[in-house]
Amino acid sequence: MSDSSRLKGRSGLAVAGAGLAVQNHFKSKDTKGRTASILFLALMLLALVVAISAIVAVLAWAFFEGRTRLDADLIFNGPSTVKRATAGYSVAILGTLQIIGGVIVLIIPLGVGAALYLEQFADKTKWWNRAIELNIQNLAGVPSIVFGILGLAFFVRGPFSWGLVAASGSATVALLVLPTVILASREAIKAVPPSILEGSLALGATRWQSVWLQVLPAAAPGMLTGVILAVSRAIGEAAPLLLVGALTFVTFAPSFFEGGFSALPVLIYNYAGRPQEEFQILAAAGVLLMLAVLIVINSFAIWLRARYEKSW
Amino acid sequence: MSSTVMSERSDRTRALRSDKPRYGEKVIFGFLFITAAVSVAVTTAIVIALFQPLPGLFQEISIVEFFTATEWSPGFLKPVYGVWPIVVGTLIVVITALIVAIPLGLLSAIYLSEYAPNAVRKTIKPVLEILEGIPTVATGLFAFFWLRPFLEYLTPWLPWGGLFSTGVAGIAVGLIIVPLIASVSDDAMRSVPRSLREGAYALGAGKMRVALRVVVPAAFSGIIAAFVLGASRAVGETMIVLLVAGAGSPSLNFNPFEGIQTMTAYIASRATGEIAVGSVVYDTIFAVGALLFVITLGMNMLAIRFVKRFREVYE
Amino acid sequence: MKKNIIAPVALAAAGLLLLSACAGAAEDTTEADGGLSGTVLLDGSSTVGPFAEAAAELFMDENPGVAVTVGISGTGGGFEKFCNGETDGSNASRGIKDEESALCADNGIEFGQITVANDALSVIVNQDNPLQCISVESLKALWELESSVTTWGEIPGLDSGDLASEDVVLYGPGTDSGTFDFFTDEINGESGNIRTDYNNIGEDDNQAVQGVSGSLGAMAFIPYSFYQEYSDTVKGLAIDGGAGCVDPTVENLLAGDYSPLGRGLYMFPASSALERPEVLAFYNFVIDQNESIASAAGLVALTADQKTEQLSVVAGLG
């Protein structure tokens with residue numbers, strides 16, 4: 001809501017009239033802040049411009065540095081110490097795909113389930129339900145590297161003991177983005193008007209039937225957007241993966257529970273730390289590749305949000 | 001069994017009749033509860049992973065030294081385990097980040113919430129989110145290879161030292177938390193009831209006055225929550241500081257023009273480094289990790305409290 | 001509405017999973033022509049890393065049925081995994097420490113030690129630095145823990161000429177690095193013995209080169225392989241270990257003259273792993289094809305004598 005002059009009809013007239021009356025009485029308009037207002041507007045726009053130029057600058061830098069390696073080899077060749085000029089990211093791309101596959105499989109049931117529970121089934125007066133809510137909000141703010149320590153202690157070693165494999169990386173990243181999915185799904189469920197649920201109940205359906213058949217499909221687009229955004233974040237995470245063994249040189253496609261694995265952001269970090277110039281360029285080209293993928297995914301999510309956004 | 005008229009008329013509603021006990025639903029309820037409880041399990045696991053090695057560790061090194069000494073030199077010949085140098089590193093990054101992100105974020109939020117026409121708002125919000133969505137390894141490389149030389153070129157009279165700069169790392173981290181601060185502040189401002197604005201407009205106030213004197217103060221706790229959340233995110237950032245702030249000297253250093261190691265960078269480099277796992281030096285990552293966890297937990301709870309207070313006033 | 005959205009997205013997700021599964025499967029089921037198949041898991045030093053990676057690649061070119069992975073958790077991290085039975089071989093830029101051998105013994109892991117390449121540390125300075133040579137004593141006086149040297153003129157045993165009043169700017173790796181271990185041990189007498197006010201470049205030796213080339217009074221120590229890559233950007237000092245100044249060249253390294261900063265790079269295969277034909281073949285390959293691997297990785301290969309010696313070591317282990 002930004003401008004009172006947009007009020008329609010009688011309210012608008014009333015407000016405008018009141019304003020004029022007051023101005024007339026005090027014989028002044030709020031011109032004191034005229035120049036200040038213009039400056040303020042300029043300042044705000046400047047802030048936006050700075051923020052957006054940062055995005056452009058990152059893209060421009062990556063393009064300028066990495067443009068010589070934007071070839072098919074980048075995607076289809078694996079890492080190579082020997083054949084540096086044609087080394088690529090194929091293995092890391094596959095590793096990232098596997099990790100994301102696992103992440104999706106985990107976060108959809110866990111995230112949607114938890115959101116449904118908290119919004120539709122939990123008795124909000126019970127202390128343990130409030131504790132669960134608080135807990136999720138806190139988890140959303142835990143640093144990603146702490147999740148790396150968790151992954152190392154519980155998935156690589158400890159109770160699961162999968163070792164330094166893609167599954168460990170996948171589970172670690174899934175837990176990292178889970179709170180975001182839960183929060184986004186909750187928002188999506190909250191946006192569905194209660195009348196939908198109540199109408200269904202009034203017709204004799206059970207609570208679960210109402211939720212499953214009415215509320216969930218209505219909230220689905222919002223939840224899906226949340227999942228996609230979580231996936232987009234998961235693709236870019238390097239820090240926790242460093243700790244569960246992604247910093248490995250792998251020249252073949254990883255299998256989920258065996259062998260070493262790599263991931264796109266980690267391989268970029270790996271290449272950036274090597275002396276040979278070919279690798280520095282490769283790192284920038286990798287950044288470009290990641291940004292391209294992420295822009296596609298985010299655009300898809302935005303399109304989804306816009307297309308299926310319902311006004312109730 | 002008594003049947004209502006409705007159920008006689010419609011087959012569908014007969015199928016939906018809920019007077020029979022449905023055990024399947026109880027199972028589903030249990031399943032849903034478990035999915036929610038997973039989050040509790042995750043937190044428990046984190047706490048165990050971080051705190052379990054600590055009793056053993058603090059028999060080898062002094063916990064008093066950990067919290068009071070001002071030199072952090074594990075792995076050196078005469079190691080001192082005082083955590084303050086890396087805490088200071090984190091602090092400098094966070095403060096610089098907030099100095100950058102608060103003006104940029106808040107101004108953007110005011111514009112989006114109070115000034116922007118709907119179409120503009122709908123385009124700009126997702127664009128800002130891109131800034132947040134850029135992988136931090138990319139932002140880190142950008143900041144190291146371009147931003148830092150560029151800033152040095154602009155300001156050669158500043159005492160730039162060495163290759164790393166904690167200040168530049170702070171600026172980069174600041175840039176990525178702008179969308180967070182902007183969107184939380186924007187949400188807070190948009191939740192302020194229309195009536196407050198309209199009252200002000202009715203009294204003849206201009207847009208800037210309404211935004212700055214009415215909306216922002218009204219949304220104040222929500223905005224503070226945004227700042228605290230942004231700061232918490234900055235505390236937890238790893239890749240950017242790893243690449244740009246590097247590792248500094250073991251003693252206390254407050255100079256943003258030099259490299260200083262942050263808590264997160266320490267954990268990442270120690271865990272991927274050459275020191276033997278299980279040694280005292282390696283186990284320091286758990287102590288630092290636990291400290292990090294407690295700090296971000298505290299900040300998040302603070303932010304939640306601010307949001308609650310904000311909601312209480314208006315809802 | 002709900003059906004419109006779930007179907008295409010479900011399809012996309014299924015496609016994604018299928019793609020990654022297929023990709024994984026396709027690579028796994030490659031039949032080896034040579035007959036060798038299996039896996040070799042290596043982990044350890046990031047200095048030996050490029051060598052192991054090159055070896056893995058060249059070996060897999062000839063033996064497509066074998067999957068070799070190389071981790072770079074660091075010498076210490078590598079040993080820990082190795083002694084827990086998690087890897088087949090450990091790469092190291094130093095010998096195995098007592099506590100690490102003890103851990104291996106506790107877990108029943110027997111192993112051998114092979115030297116796979118010659119390496120060294122280079123002491124680098126800015127290209128415009130007039131110095132050509134530095135003695136070990138001067139280095140120690142400059143870098144050790146108790147050092148209070150701040151300008152080039154204050155370094156004992158050195159004629160710094162024009163540079164006397166220039167501040168000394170030091171770059172070096174962090175305590176996580178094998179290079180750090182080696183330098184402090186050889187020059188300052190004990191691992192970890194180093195002054196605390198140098199610029200810590202962490203793990204990334206690139207930064208040391210960048211720092212030194214940008215600052216007249218800078219000095220750093222980096223692995224020789226890095227110096228080779230950047231020899232036209234920075235100057236490598238000759239080291240006087242008591243027998244005169246020795247330049248950092250490949251010939252001097254191989255002759256063993258570049259002391260005390262010459263070092264060997266090692267691989268430690270597990271005896272149990274060597275019973276698998278693919279693992280034995282790999283380690284034989286590493287010695288046999290040493291020159292091409294070392295040149296691909298930018299390291300200095302074994303001398304002919306070293307090669308024969310190491311081949312017999314492997315034969316003895318396998």
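The values are calculated or read from the model by the stated rules, or taken from the named source; none is laboratory data. This structure is a prediction, so every number in the text was calculated from the model and none was measured. We place every Cβ from the backbone using ideal geometry, glycine too, and count neighbours over all the protein chains shown. The accessibility values were calculated without ligands, DNA or RNA, using every heavy atom of the protein model including side chains. Shrake-Rupley method; radii C 1.70, N 1.55, O 1.52, S 1.80 Å.
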Exercise. Just for the range B:133-159: of the residues that are in contact (Cβ under 8 Å) with a residue 60 or more places away in the chain and farther than 19 Å from C:D204 by Cβ, which one is farthest from the other protein chains (Cβ to nearest Cβ)?
Worked result: B:L158
Problem set entry | Options C:V209, C:V169: the member that is within 18 Å of C:P130 (Cα to Cα), of a type in the set (V, I, T) and open to solvent by 30 Å² or more (accessible area, probe 1.4 Å) | C:V169
For this session: Answer yes or no: is there a residue in the range A:136-146 that is within 28 Å of C:G44 (Cβ to Cβ), open to solvent by 20 Å² or more (accessible area, probe 1.4 Å) and facing another protein chain (nearest Cβ under 7 Å).
Result: no
For this session: Among what's in the range C:24-42 and is at the interface with chain A (Cβ under 8 Å from one of its Cβ atoms) and at pLDDT 50 or above, pick the residue that is nearest to the chain's Cα centre (by Cα).
Result: C:L41
Exercise. Of the residues B:A276, B:A245, B:A271, B:A265, which single one is of a type in the set (G, A, S) and at pLDDT 90 or above?
Worked result: B:A265
Problem set entry | Residues satisfying the stated conditions in the range B:160-172, i.e. within 12 Å of another protein chain (Cβ to nearest Cβ) and closer than 27 Å to B:A109 by Cβ | B:I171, B:A172
Exercise. Mind checking which pairs have a first residue in the range B:68-88 that is in contact (Cβ under 8 Å) with a residue 60 or more places away in the chain and a second that is open to solvent by 50 Å² or more (accessible area, probe 1.4 Å) and part of a loop (DSSP other than H, G, I, E, B), Cβ under 7 Å, 6 or more apart or different chains?
Worked result: B:T70/B:L252; B:S73/B:P79; B:W84/B:T70; B:W84/B:L252; B:P85/B:T70; B:P85/B:L252; B:V88/B:L252; B:V88/B:F254
Problem set entry | Unmet criterion (only one of (1) at the interface with another protein chain (Cβ under 7 Å from one of its Cβ atoms); (2) in a loop (DSSP other than H, G, I, E, B); (3) among the hydrophobic types (A, V, I, L, M, F, W, C)) for A:L291 | (2)
For this session: Give the residues of the range B:92-133 that are β-branched (V, I, T), under 19 Å from the mean Cα position of the chain (by Cα) and open to solvent by less than 10 Å² (accessible area, probe 1.4 Å), sorted by residue number.
Result: B:V93
Exercise. Which residue, of A:V296, A:V266, is more than 26 Å from A:S161 (Cβ to Cβ), among the β-branched types (V, I, T) and modelled with pLDDT of 80 or more?
Worked result: A:V296
Problem set entry | Residue within the range C:287-310 that is of a type in the set (V, I, T), crowded, with 17+ Cβ neighbours inside 10 Å and part of a loop (DSSP other than H, G, I, E, B) present | no
Exercise. Since A:L97 meets every condition but one in (1) touching a residue at least 24 places away in the same chain (Cβ under 8 Å); (2) closer than 30 Å to A:A166 by Cα; (3) more than 14 Å from chain B (Cβ to nearest Cβ), which condition does it not meet?
Worked result: (1)
Seminar exercise, completed: Among (1) in the same structural domain as B:S232 (by TED's automatic domain parsing); (2) buried (at least 18 other Cβ atoms within 10 Å of the Cβ), B:I46 falls short only on (1)
Exercise. Just one of A:R186, A:R130 is surrounded by 18 or more Cβ atoms within 10 Å (Cβ to Cβ) and of a type in the set (K, R); which is it?
Worked result: A:R186
Seminar exercise, completed: Condition set modelled with pLDDT of 60 or more and not in a helix (DSSP H, G or I), scope the range A:1-19, selection least open to solvent (accessible area, probe 1.4 Å): answer is A:L7
Exercise. Can you pull out the residues in the range C:45-91 that are within 13 Å of chain B (Cβ to nearest Cβ), hydrophobic (A, V, I, L, M, F, W, C) and open to solvent by less than 10 Å² (accessible area, probe 1.4 Å)?
Worked result: C:V48, C:F79, C:F82, C:C83
Problem set entry | Only listed residue being modelled with pLDDT under 90, closer than 17 Å to C:L58 by Cβ and not acidic (D, E), chosen from C:A297, C:A255, C:A243 | C:A297
Problem set entry | Options B:A231, B:A211; residue that is among the aliphatic types (A, V, I, L, M), part of a helix (DSSP H, G or I), farther than 20 Å from B:R305 by Cβ and away from chain C (no Cβ under 14 Å) | B:A211
Exercise. Within the range B:205-223, how many residues turn out to be open to solvent by 40 Å² or more (accessible area, probe 1.4 Å) and within 25 Å of the chain's Cα centre (by Cα)?
Worked result: 2
Exercise. Residues C:S160, C:S231: which one is under 21 Å from A:Y271 (Cα atoms) and either away from chain B (no Cβ under 13 Å) or open to solvent by 10 Å² or more (accessible area, probe 1.4 Å) (or both)?
Worked result: C:S231
Exercise. So how many residues does the range A:101-127 have that are open to solvent by 10 Å² or more (accessible area, probe 1.4 Å) and either assigned to a helix (DSSP H, G or I) or within 19 Å of A:I268 (Cβ to Cβ) (or both)?
Worked result: 12
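Being touching a residue at least 24 places away in the same chain (Cβ under 8 Å) and not in a strand (DSSP E or B) is true for just one of B:P256, B:P217. Which residue is that?
Selected residue: B:P256, the only one of B:P256, B:P217 that is touching a residue at least 24 places away in the same chain (Cβ under 8 Å) and not in a strand (DSSP E or B).
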Seminar exercise, completed: B:F29 passes all but one of the listed conditions (1) at pLDDT 90 or above; (2) within 7 Å of chain A (Cβ to nearest Cβ); (3) open to solvent by 80 Å² or more (accessible area, probe 1.4 Å); the exception is number (1)
Problem set entry | 1 or more residues at the interface with another protein chain (Cβ under 7 Å from one of its Cβ atoms) and either out of contact with any strand residue (DSSP E or B) (no Cβ under 6 Å at 6 or more places or on another chain) or over 30 Å from C:F59 (Cβ atoms) (or both): qualifying helices (runs of 4 or more DSSP H) within the range A:181-282 | A:207-210, A:216-236, A:239-243, A:264-272
Seminar exercise, completed: From the option list B:S249, B:S183, single residue qualifying as within 14 Å of chain C (Cβ to nearest Cβ) and either more than 30 Å from A:G245 (Cα to Cα) or open to solvent by 30 Å² or more (accessible area, probe 1.4 Å) (or both) is B:S249
Exercise. What's the number of the condition B:N255 fails, among (1) farther than 30 Å from B:L151 by Cα; (2) within 14 Å of chain C (Cβ to nearest Cβ); (3) surrounded by fewer than 20 Cβ atoms within 10 Å (Cβ to Cβ)?
Worked result: (1)
For this session: Answer with yes or no whether A:S168 is modelled with pLDDT under 90, assigned to a helix (DSSP H, G or I) and buried (at least 21 other Cβ atoms within 10 Å of the Cβ).
Result: no
Exercise. Which helices (runs of 4 or more DSSP H) does the range B:77-168 wholly contain that include 3 or more residues that are modelled with pLDDT of 90 or more, in the same structural domain as B:V281 (by TED's automatic domain parsing) and in contact with a helix residue (DSSP H, G or I) (Cβ under 7 Å, 6 or more places away or on another chain)?
Worked result: B:84-110, B:136-142
